[in-house]
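Peer 1: One structure, as structure tokens, below. Some questions next.
Bear in mind that the values in this text are calculations on the coordinates, not laboratory data. Nothing here was measured: the structure is a model prediction, and the numbers come from that model. Quick reminder, even Gly has a Cβ in these numbers, built from the backbone with ideal geometry, and neighbours come from all protein chains shown.
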Amino acid sequence: MTTKPAQILVVAPHPDDAEFGAADTIARWARGGADIVYLICTNGDKGTSDPAMTSLKLAKFREKEQRAAARILGVREVVFLNYPDQGLEDTPGFRKDIVRVIRQFKPNTVVTCDPYRRYISHRDHRVAGQATLDAVYPTARDLLAFPDLAEQGFLPHKVKEVYLWGSDEPNYFSDIAQTFELKMAALCCHKSQIWDSAELEERMMQRCKTTAEGTSYEMAEAFYHFELTY
């Protein structure tokens with residue numbers, strides 16, 4: 001394959017999930033020169049209370065919104081799998097789609113949502129997080145896993161580290177004081193999902209300050225981070 005590799009692959013269940021979970025950290029990495037690609041699993045076609053909205057129209061809106069948000073954060077490219085919102089299943093086909101993208105861009109780092117969050121969480125988040133972890137290890141690594149991918153030029157790749165946002169037990173805190181405005185600008189691109197930007201900013205600021213409690217930071221994003229050894 002001739003696709004330019006990326007250092008970081010962010011796998012999000014829906015448009016806007018990466019911005020809520022990791023936008024500041026993504027922006028900081030991009031400012032530091034990292035090459036970043038988004039993989040968006042669903043088209044977000046259920047996320048509305050507007051009776052006049054259709055799934056087809058909403059999916060088109062949300063793709064445009066996601067591309068705009070990614071540009072603000074410095075993300076190089078956005079790949080859409082276009083599964084239906086609320087429709088993710090932990091199937092070999094879905095896992096294969098993620099493996100294909102990992103092998104295509106060969107990231108050192110994969111970022112996604114923590115599938116092990118307790119009690120209430122969106123089912124798409126649980127499925128996407130688990131499928132991504134299974135794709136990272138062992139499937140993307142093993143030549144004979146989905147051998148047709150290798151035949152197409154998507155050769156095995158070993159991811160070096162993973163960051164999970166939304167973890168109940170984070171072990172990595174990212175200082176976001178210098179990037180919070182970028183996070184809000186990116187979130188506000190998702191106009192179909194945001195009704196009151198001022199209220200959202202206040203809520204996100206409080207959340208990030210609460211996350212930073214016990215650290216030396218004023219505001220933070222939190223992740224569970226681990227490295228892979230092969």
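Peer 1: Which whole-Hz ³J(HN,Hα) couplings does region 87-102 yield from phi under the Karplus relation 6.51 cos²θ - 1.76 cosθ + 1.60, θ = phi - 60°, glycine and proline marked x?
Peer 2: Listing the rounded values in order: x, 6, 10, 7, 10, x, x, 5, 4, 4, 4, 6, 4, 4, 6, 4 Hz.
Peer 1: Scan around Phe80 for amide H atoms under 5 Å from its own, H built in the peptide plane at 1.01 Å from N, and keep only partners 5 or more places away or cross-chain.
Peer 2: Residues meeting the criterion, in which the H sits 1.01 Å from N, are Ile40.
Peer 1: What value, in deg cm²/dmol to 500, does the helix sum -39500 (n - 2.57) over DSSP H runs of n ≥ 4 give at 222 nm once divided by the residues of the chain? Walk me through the numbers before you get to the answer.
Peer 2: Working: 7 runs with 88 residues, N = 230.
When only DSSP H runs of four or more count, the value is -12000 deg cm²/dmol.
Peer 1: Give me, ordered by chain and number, the residues 5 or more places off Ala212 or on other chains with an amide H under 5 Å from its own placed amide H.
Peer 2: Ala220
Peer 1: Order by neighbour count: Val10, Val78, Val111, fewest other Cβ atoms within 10 Å first, most last. The partial results should precede the final answer.
Peer 2: Details: Val10 29, Val78 20, Val111 26.
Starting with the residue having the fewest Cβ neighbours, the order is Val78, Val111, Val10.
Peer 1: Rounded to whole Hz and in sequence order, give me ³J(HN,Hα) for region 190-196 from the Karplus expression 6.51 cos²θ - 1.76 cosθ + 1.60, θ = phi - 60°, writing x for Gly and Pro.
Peer 2: Values, residue by residue: 8, 5, 5, 10, 10, 9, 9 Hz.
Peer 1: Below 8 Å between Cα atoms, with a sequence gap of 6+, how large is the relative contact order for the chain in percent?
Peer 2: Numbers: 431 pairs, mean separation 58.3, N = 230.
Worked out over the chain, it gives 25 percent.
Peer 1: Per residue of region 20-31, what does 6.51 cos²θ - 1.76 cosθ + 1.60 with θ = phi - 60° give for ³J(HN,Hα)? Whole Hz please, x for Gly and Pro, Karplus curve as stated.
Peer 2: 5, x, 8, 4, 5, 5, 4, 4, 5, 5, 5, 4
Peer 1: Only counting other Cβ atoms within 10 Å, I'd like His157, His125 sorted with the fewest neighbours first.
Peer 2: Values: His157 17, His125 23.
Ascending number of Cβ neighbours within 10 Å: His157, His125.
Peer 1: Determine the alpha carbon to alpha carbon distance for each of Lys46/Lys209; Lys46/Lys191; Lys106/Lys191; Lys64/Lys183; Lys183/Lys209 and list only those over 25 Å. Before the final figure, lay out the partial values.
Peer 2: Values: Lys46/Lys209 31 Å; Lys46/Lys191 15 Å; Lys106/Lys191 32 Å; Lys64/Lys183 17 Å; Lys183/Lys209 14 Å.
Check vs 25 Å cut-off fails for Lys46/Lys209; Lys106/Lys191.
Peer 1: Looking at Phe20, Thr139, Ala212, which one has the Cα that reaches farthest to the positive end of the dipole of the chain (charges on Cβ: Lys, Arg +1; Asp, Glu -1)?
Peer 2: In the chain, that residue is Thr139.
Peer 1: Could you tell me which of Gly166, His225, Ser55 has its Cα farthest along the dipole of the chain towards the positive end, charges placed at Cβ (Lys, Arg +1; Asp, Glu -1), taken about the Cα centre?
Peer 2: Highest projection toward the positive end goes to Ser55.
Peer 1: Also, quick follow-up: Taking the Cα centre of the chain as origin, work out the dipole magnitude from +1 charges on Lys and Arg Cβ and -1 charges on Asp and Glu Cβ, in debye rounded to 20. Kindly include the intermediate steps, with their values, before the conclusion.
Peer 2: Working: 28 positive and 33 negative charges, 129 e Å.
Value, rounded to 20: 620 debye.
Peer 1: Hey, fewest Cβ within 10 Å first, where do Glu218, Glu201 land in order? Before the final figure, lay out the partial values.
Peer 2: Working: Glu218 13, Glu201 16.
Ascending Cβ contact count within 10 Å gives the list Glu218, Glu201.
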